[in-house]
Amino acid sequence: MNIVVIGAGYVGLVTGSCFAELGNQVTCIDVNVDKITKLKQGILPIYEPGLEELIATNSQEHRLHFATNLEDSHEHPDVIFIAVGTPSDKEGAADIQYVLEAASSIGGFITQDCVIVDKSTVPVGMADRVSEVIKNELKKRGVSISFDVVSNPEFLREGAAIEDFMQPDRVIVGLNRDHARRLMQDLYRPIMRGREERLYFMNVKDAEMTKYVANAMLATRISFMNEMAILCEHMGVDIEKVSIGIGSDSRIGSAFLNAGCGYGGSCFPKDVRALIKMAEGYDVDPMILHAVEERNKLQKNLLSQKIITYFGEDLTGKKFGVWGLSFKPGTDDMREASSLILMNDLIERGAKLQAYDPAAMSVAKEMVPIHWLNNEKLILTEHQYDALQDVDAMVLVTEWKPFCYPDIAAMKKLMRQAVIFDGRNQYDPLIMKAAGFYYEGVGRAKLNN
């Protein structure tokens, strides 16, 4: 098929490159000229395992192309995906301006029947608005072209996006006409072969809502476990053991039961906020969602509060080593990452920081206040152990694999004080105690050396 993907961000690049890998002709469109220029040179704007190689291969095979406008894409696309960002606006609702701009450009471009697919996470009812915008643009041109607007939300995990796209546990498609159904079946047939029952067709609004509810449910599990972790900590109970115990119940399962220092990224925070705004728009009080969001805000301050309790409010003269800056392992995404809250809290109290992340160092340089770097309040180190030189404590924020089994003897030799605050419960408290460390995790008893 001839496919156009509007938006060359995380979702758009994964979608475009994976469909190209299946033999389709794909053009990814983005209005950011610098981004498109770099993509043509093989330089990606994001880190995602395997994506660079996938883009390079399909570009070389002339299946994957990049352009700054629809006019430079395929003249007669069968499918146009809208994969632009929908960030939170000032009120917490999804900002849909880029989706509507994409719809307007589609209405001014198409010359034959096609299917338009909302891949972006959009509010319920967005497909109708996209359809209306396209109709208005066609009316201005004085042409009559048949088209369908389909909802096909993405469920990609950063760090495992290619696997999730090529081997999804389900594909959700919301549509209203048989023509669009046949085309979407053909499009996903190579991916879903032998698992056709996992391709779910439903009403457009049902599909739009499914994405929000799925992310809100996962965020709820995280916040629930984080709240239980706080209780466990007060009661001398290990949340890790509790997680194993309840996760063994087939009705619950083990996914998203890990306590930690809060969730972040581009999906859960904004989607919970957007669902809250949608509920309030219908005079529904989203009590659970409010609680999920509030618990997550508190959890992101947990590590700094532990540090303050141990060292005191004034952290002048104290130095901390931070392992992990991205919101989760496997990505360089620092949007709404817990590391940003932690670093701000500590620096405001006079501390100096040394931080390392396997993937997010370049992103960190762009995201943190420049005066942190200029005044050496924050030093971004080249190696994970460099971040521990002469520090009063190590703070683990992101559970990257290289951090899971560190050289404990080397750590203790480098650090000024043998103190660890583990925001992801990566380490065995008893092993750390035996090695002479003061150790605090999340939802676990404090262990002195």
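Can you give the relative contact order of the chain as a percent, counting alpha carbon pairs under 8 Å and 6+ residues apart? Across the chain, relative contact order equals 12 percent. Under 16 Å from a point 7 Å along the Cα-to-Cβ line of GLN60: which residues of segment 154-187 have their amide N that close? Once the point is set 7 Å along Cα→Cβ of GLN60, nothing inside segment 154-187 turns out to lie under 16 Å by backbone N.
The GluC sites (Glu not before Pro) of segment 279-320 meeting both criteria, a DSSP state outside H, G, I, E and B (loop) and at most 16 other C-beta atoms within 10 angstrom of the site's C-beta, are GLU313. Per residue of the chain, the DSSP helices (runs of n ≥ 4 H) give a summed -39500 (n - 2.57) that works out to -13000 deg cm²/dmol at 222 nm. Using R0 = 45 Å, the C-beta based FRET efficiency linking LEU44 and ASN448 works out to 0.45. Extension gain, VAL31-GLU91: 0.36 nm per intervening residue step, less the Cα-Cα distance, totals 19.0 nm.
I need to check one value: relative contact order of segment 217-347, counting alpha carbon pairs closer than 8 Å and at least 6 residues apart, in percent.
Rounded, it is 27 percent for segment 217-347.
More than 41 Å apart: what percent of Cα pairs in the chain qualify? The answer is 24 percent, as a whole percent. In the context of the full protein assembly, VAL31 retains an accessible surface of approximately 130 Å², using a probe radius of 1.4 Å and ignoring ligands and nucleic acids.
Tell me the net charge near ARG444. Cut-off is 11 Å between Cβ atoms, ARG444 excluded, with +1 for each Lys or Arg and -1 for each Asp or Glu.
Overall, the nearby charge balance is -4.
For the chain, the longest principal axis of the alpha carbon atoms and the long axis of helix 51-60 meet at an angle near 30°.
Return, ordered by residue number, the residues of segment 303-323 whose backbone nitrogen is under 18 Å from a label point located 7 Å along Cα→Cβ of HIS234. Only 303, 305-306, 309 pass the distance filter. To the nearest ten degrees, helix 287-300 and the longest principal axis of the Cα atoms of the chain are 50 degrees apart.
Work out the P(r) tail for segment 295-382: percent of alpha carbon pairs separated by more than 17 Å, whole number. Intermediate values should be presented prior to the final figure.
Values: 1722 of 3828 pairs.
The share of Cα pairs beyond 17 Å in segment 295-382 comes to 45 percent.
Amide H to amide H distances under 5 Å link PHE81 with VAL4, VAL5, ILE6, VAL117, where only residues 5 or more positions off or on other chains count and H is placed in the peptide plane.
Ordering of 298-310, 17-29 by packing is 17-29, 298-310, highest average first (other Cβ atoms within 10 Å, averaged per residue). Per residue, the chain exposes 45 Å² of solvent-accessible protein surface, assessed with a 1.4 angstrom probe and all protein chains in place. Stokes-Einstein, applied to the Kirkwood radius of segment 48-126 over Cα pairs at a viscosity of 0.890 mPa s and 25 °C, places its translational diffusion at 167 µm² s⁻¹.
Put a dot 7 Å past the Cα of GLN167, heading toward its Cβ, do the same for ARG181, and the two dots end up 3.0 nm apart. Segment GLU196..LYS365, full-extension length gain: 56.4 nm, with 0.36 nm per residue of separation and the alpha-carbon distance subtracted.
Taking the longest Cα principal axis of the chain as reference, the axis of helix 204-235 is set at about 10 degrees.
Between the alpha-carbon centres of segment 146-168 and segment 189-216 there is a gap of 9 Å. In this calculation the C-beta distance from GLU382 to SER146 is compared with R0 = 60 Å, giving a FRET efficiency of 0.60.
The values are calculated or read from the model by the stated rules, or taken from the named source; none is laboratory data. Quick caveat: nothing in here was measured; it's all calculated off a predicted structure. Cβ coordinates were reconstructed from backbone atoms using ideal geometry, including for glycine residues, and neighbour counts include every protein chain displayed. Please note that ligands, DNA and RNA were not included when accessible areas were found on the heavy atoms of the full protein model with its side chains. Shrake-Rupley method; radii C 1.70, N 1.55, O 1.52, S 1.80 Å.
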